[in-house]
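Everything below concerns the one structure shown next.
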Amino acid sequence: MAKKTYIAQPILGSWRAVEIVGWTYTVIAAVLAALFTIEWSLLRAINNEGLILQDTPLLSAFNMAMLSFGVLGLASYWLGVVLTLIWYYRANSNAHALGLRLDNEPKWAVAWFFIPFAMLFKPYGVTSELWRSSAHPDGWRGKPDPTRMRWWWATVLMGKIGASLGDKLYIAESTATAEFGAFSLALSSGLIVVASVLFLSMGREISKRQQALIDRDYKRADTLGQAVWNA
């Protein structure tokens, strides 16, 4: 089977699409965090103080806001996933085209996000390679990750756990259980906001540095004259 070389392509356009959807999703997640916090407070008052809610225009508007922002959040999340994976593939391909010798091939940079268990740590490794190789192209191995990258992945994992737990408890018939579910969803939405902001800041720097390497026709010295093949 014929082999295809990696060719460096502009990355900033791909990243701008991620940023637009990413910031939209971040704002929606922040609104959902506030709405779930309000609902948690109401459920807590029902359980602890015997509060009885009547169907008022304000309550109807609140429920409509919960539904609307939930749908918008889901739509922006999946659009963001698609655009982000496209960015990961292109950024990884560019790194190989520049001769930076990453351990992960572009197809695996995307696939790791969907493989059980591996998805818990491999996407972090892929992101780490992109960060370090763009910052230290002549010798990125052994270089440290920024602290915010560790915080990013920690908030991603905690946010996913909180969302998974909250979704199950939120629909429970018991108001006490639903109260805990609303609290979990409020907390996970807040963590998602933090994770999104951290990722968007790191992705912007990776993209700018990688584009700068492409613009000056960088090629790692020990790979000059060698073809970088797509396996």
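The values are calculated or read from the model by the stated rules, or taken from the named source; none is laboratory data. Bear in mind that the values here come from a model prediction, so they are computed numbers and not experimental data. Heads up, the Cβs are rebuilt from the backbone with ideal geometry, glycines too, and the neighbour counts pull from every protein chain shown. Accessible surface areas use protein heavy atoms only, side chains included; no ligands, DNA or RNA. Shrake-Rupley method; radii C 1.70, N 1.55, O 1.52, S 1.80 Å.
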Cα convex hull of segment 2-91 - mean projected area over all directions, nm²: 8.6
Computed accessible area, SER189, all protein chains, 1.4 angstrom probe, square angstrom: 10
Relative contact order, percent, segment 14-124 [alpha-carbon distance under 8 Å, six or more residues apart]: 30
Positive-pole candidate from GLY73, THR177, LEU35, dipole of the chain, charges at beta carbon: GLY73
Value of relative contact order over segment 80-221, rounded to a whole percent, pairs C-alpha under 8 Å and six or more apart: 25
Förster radius 41 Å - calculated FRET efficiency between ALA34 and TYR218 (Cβ-Cβ, nearest 0.05): 0.35
Pairwise centroid distance, computed over Cα atoms, of segment 171-187 with segment 115-137, Å: 34
Check: the chain dipole with +1 on Lys, Arg Cβ and -1 on Asp, Glu Cβ, in debye: 1140
Protection-proxy order for peptides 89-95, 100-106, each taking the mean of Cβ atoms within 10 Å per residue, highest first: 89-95, 100-106
Lysine pairs meeting the criterion (Cα under 20 Å, 8 or more apart or interchain), as found in the chain: 10
Rounded FRET efficiency, nearest 0.05, which uses the C-beta distance separating TRP151 from ILE20 and R0 of 30 Å: 0.80
Overall form of segment 110-165 per C-alpha gyration tensor (a/c, 1.5; a/b vs b/c): oblate
Largest-first ordering by accessible area, 1.4 Å probe, given options HIS96, HIS136: HIS136, HIS96
Efficiency of FRET between THR175 and ASP138 - r from beta-carbon atoms, R0 41 angstrom, step 0.05: 0.10
